[in-house]
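One structure is given here, and the rest of the page talks about it.
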Amino acid sequence: MTIARRKPYGVKGAPYAFLLPATILFALFFALPIGYAMWLSFRKVHVSGLGLGSGARKEVWAGLENYTDAFTDSELLDGALRVLGYGCIVVPVMLGLALLFALMLDSEKVRLTSFTRLAIFLPYAIPGVVAALLWGFLYLPDVSPFYFVLEKLGMPQPDLLDGGPLYVALSNIAVWGGTGFNMIVIYTSLQAIPAEVYEAAKLDGATPTQIALRIKIPMVAPSLVLTFFFSIIATLQVFNEPTTLKPLTNSVSTTWSPLMKVYRDAFGTGDIYQAAAEAVIIAFATLVLSFGFLRAANRRNKQEAAR
């Protein structure tokens, strides 16, 4: 006769006890602020008379008024278009370089792999504001050593902080800082590929280039999807680079990106209700784009697995 052993007291509740701290932090610093922002997005301040005296300014229900104003705001839409152009430069260049560096580091002919990997990753460890300040001064003609060299060589000196080159200047900061992280993700996936796969390919007469194109890149596709996913989110939330460069040029307005518009409305004009609606729209757009991309990637993976 088998006697069932009773679990020690408190064992059943142990997982919940471990989850409790993370749940509390999630609720306080993530769920609660999101809920409060959504609540503010449906409110507005109603001013009676001249707005003077007690009770002259009251918070009232606004419905979808803040969202209507946001969708018809030309500054927010223009900022979204600028971020779209910025993302079209940043994402492909950054991921292309990350993949190239990862493949180079995974090659058998490369020496000083640890040092090279650290050197490529190091810019990611520098705070975004510090990196933007560093590159911002390198872009200034009066203090940049690059402009000094170009002047001595008699070559043209483009203004990278004005007009179209501004997109290149901002994109360069993001690429410089983000390539190392994406490279580490892809390189880690390359290291997980069994050596037997490479040996079999070599026995079949495959060259290093063919191995990279037909074996390595397809096998790290999930990592490429992950890095692309993170890059999209980072692009939609661009704020540090244009905000830091703003004092150095007049080409960057206070509404250059959607998040800068949210910051201006919340802390510049004091309209936290309109800013909350804009923040909710940006969050929803990020969610839709990210979810749509993941669904498309998963559907493609299923189709390839079914073949």
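The values are calculated or read from the model by the stated rules, or taken from the named source; none is laboratory data. Remember, it's a predicted structure, so these values are computed and weren't measured experimentally. Here the Cβ is made from the backbone with ideal geometry for all residues, glycine too, and neighbour counts use every protein chain on show. Ligands, DNA and RNA are excluded from the accessible area calculation, which covers all protein heavy atoms including side chains. Shrake-Rupley method; radii C 1.70, N 1.55, O 1.52, S 1.80 Å.
Which of (1) open to solvent by 20 Å² or more (accessible area, probe 1.4 Å); (2) among the small types (Gly, Ala, Ser); (3) under 30 Å from ASN172 (Cβ atoms) does ALA306 not meet, given it meets every other one?
Of everything listed in (1) open to solvent by 20 Å² or more (accessible area, probe 1.4 Å); (2) among the small types (Gly, Ala, Ser); (3) under 30 Å from ASN172 (Cβ atoms), ALA306 misses just condition (3).
Scan region 214-250 residue by residue and report those that are outside any helix (DSSP H, G or I) and crowded, with 18+ Cβ neighbours inside 10 Å.
VAL220, VAL238
Could you check region 69-87 and list, in sequence order, the residues that are part of a helix (DSSP H, G or I) and open to solvent by 20 Å² or more (accessible area, probe 1.4 Å)?
Passing the criteria: ASP69, PHE71, SER74, GLU75, LEU77, ASP78, ALA80, LEU81, ARG82, LEU84, GLY85.
Pull up region 267-288, narrow it to residues that are hydroxyl-bearing (Ser, Thr, Tyr) and open to solvent by less than 60 Å² (accessible area, probe 1.4 Å), then point me to the one that is nearest to ILE232 (Cα to Cα). Before the answer, list the steps.
Step one: filter region 267-288 for residues hydroxyl-bearing (Ser, Thr, Tyr), giving 269, 273, 286.
From what's left, open to solvent by less than 60 Å² (accessible area, probe 1.4 Å): 273, 286.
Working: TYR273: 26, THR286: 8 Å.
Among residues in region 267-288 that are hydroxyl-bearing (Ser, Thr, Tyr) and open to solvent by less than 60 Å² (accessible area, probe 1.4 Å), the one nearest to ILE232 (Cα to Cα) is THR286.
For region 140-173, name all the residues that are part of a loop (DSSP other than H, G, I, E, B) and over 32 Å from the mean Cα position of the chain (by Cα).
Those that are part of a loop (DSSP other than H, G, I, E, B) and over 32 Å from the mean Cα position of the chain (by Cα): LEU153, GLY154, MET155, PRO156.
Could you tell me whether region 41-55 includes any residue that is open to solvent by 90 Å² or more (accessible area, probe 1.4 Å), at pLDDT below 95 and part of a strand (DSSP E or B)?
yes
Could you check, for region 258-266, whether at least one of its residues is open to solvent by 70 Å² or more (accessible area, probe 1.4 Å) and basic (Lys, Arg)?
The initial filter retains those residues of region 258-266 that are open to solvent by 70 Å² or more (accessible area, probe 1.4 Å), namely 263.
Those still in the list that are basic (Lys, Arg) too: none.
The answer is no, given that none of the residues of region 258-266 is open to solvent by 70 Å² or more (accessible area, probe 1.4 Å) and basic (Lys, Arg).
Could you give me the residue pairs with C-beta distances under 8 Å whose first residue belongs to region 169-186 and is farther than 22 Å from PHE137 by Cα, whose second residue is open to solvent by 10 Å² or more (accessible area, probe 1.4 Å) and among the aromatic types (Phe, Trp, Tyr) wherever it lies, and which are 6+ apart or on separate chains?
GLY180/PHE121; GLY180/TYR124; PHE181/PHE121; PHE181/TYR124; ASN182/PHE230; MET183/PHE101; MET183/PHE121; ILE184/PHE121
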